[in-house]
Amino acid sequence: MENIDLIKKAAEVRKNSYSPYSGYAVGAALECEENMIHAGCNVENASYGGTICAERNAITNMAADGMRKIKKIAIVGGFADGSGDNSALVPPCGVCRQVIREFCNPETCIVLLAPIDNLEKITEMKFADLLPLSFGPDNLEK
Ligand SMILES: [Zn+2]
């Protein structure tokens, strides 16, 4: 899938964000090695700790569909009511970086970020640049 289409898919699923506490809505869409698209939005919880990020929801959707490798992941976000700085990129949090790492090759996996107010302005990077010297499944291989 073209980068812009994956970004648009992330923006589309972002509309389903359940974020009554932060008001911060995030969407993620990923393309797996089987060229299927899996998407997720952030889902907050009154306990706060039960909140799940958009990226991890997209990844668990991929896993539930039986796929295991992320080729490309797109993330967009911002305040749902349009307030604040909507020209900012929304990079994955530390927990999500580790979970993405579980299901990707850091050297080939691509991360796409775009401001919610300008989806065409895509920043593209290699996952290894977001999480250098990462610990992953290969570390546990004997
Ligand atoms: Zn996260």
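The values are calculated or read from the model by the stated rules, or taken from the named source; none is laboratory data. Quick caveat, the model's predicted, so the values are computed rather than measured. Cβ sites come from the backbone with ideal geometry, for glycine too, and all protein chains shown count toward neighbours.
What to note about this one:
- Selected residue (only one of Ile100, Ile110 is within 14 Å of the ligand (Cβ to nearest atom) and out of contact with any His (no Cβ under 7 Å at 6 or more places or on another chain)): Ile100
- Test: residue in region 54-74 that is assigned to a loop (DSSP other than H, G, I, E, B), at pLDDT 95 or above, within 14 Å of the ligand (Cβ to nearest atom) and not aliphatic (A, V, I, L, M): no
- So Ile122, is it within 16 Å of the ligand (Cβ to nearest atom) and either closer than 23 Å to Ala25 by Cβ or not aliphatic (A, V, I, L, M) (or both): no
- Only residues that are surrounded by 14 or more Cβ atoms within 10 Å (Cβ to Cβ), within 16 Å of the ligand (Cβ to nearest atom) and of a type in the set (Gly, Ala, Ser) were counted across region 77-97, and they come to 2.
- Considering residues of region 48-76 that are of a type in the set (A, V, I, L, M) and without any contact (Cβ under 8 Å) to a residue 24 or more places away in the chain only, the residue surrounded by the most Cβ atoms within 10 Å (Cβ to Cβ): Ile52
- All positions within region 91-128 that are assigned to a strand (DSSP E or B) and in contact with a Pro (Cβ under 8 Å, 6 or more places away or on another chain): Val111, Leu113, Lys126
- Restricting the first member to region 6-26 and to residues that are crowded, with 19+ Cβ neighbours inside 10 Å, and the second to residues that are small (Gly, Ala, Ser) and in a loop (DSSP other than H, G, I, E, B), the beta-carbon pairs closer than 6 Å and six or more apart or on different chains are Ile7/Ala114; Ala25/Ser17; Ala25/Ser19; Ala25/Ala80.
- Checked against (1) within 16 Å of the ligand (Cβ to nearest atom); (2) part of a loop (DSSP other than H, G, I, E, B); (3) over 12 Å from the mean Cα position of the chain (by Cα); (4) surrounded by 17 or more Cβ atoms within 10 Å (Cβ to Cβ), Asn45 passes all but a single condition, namely (4).
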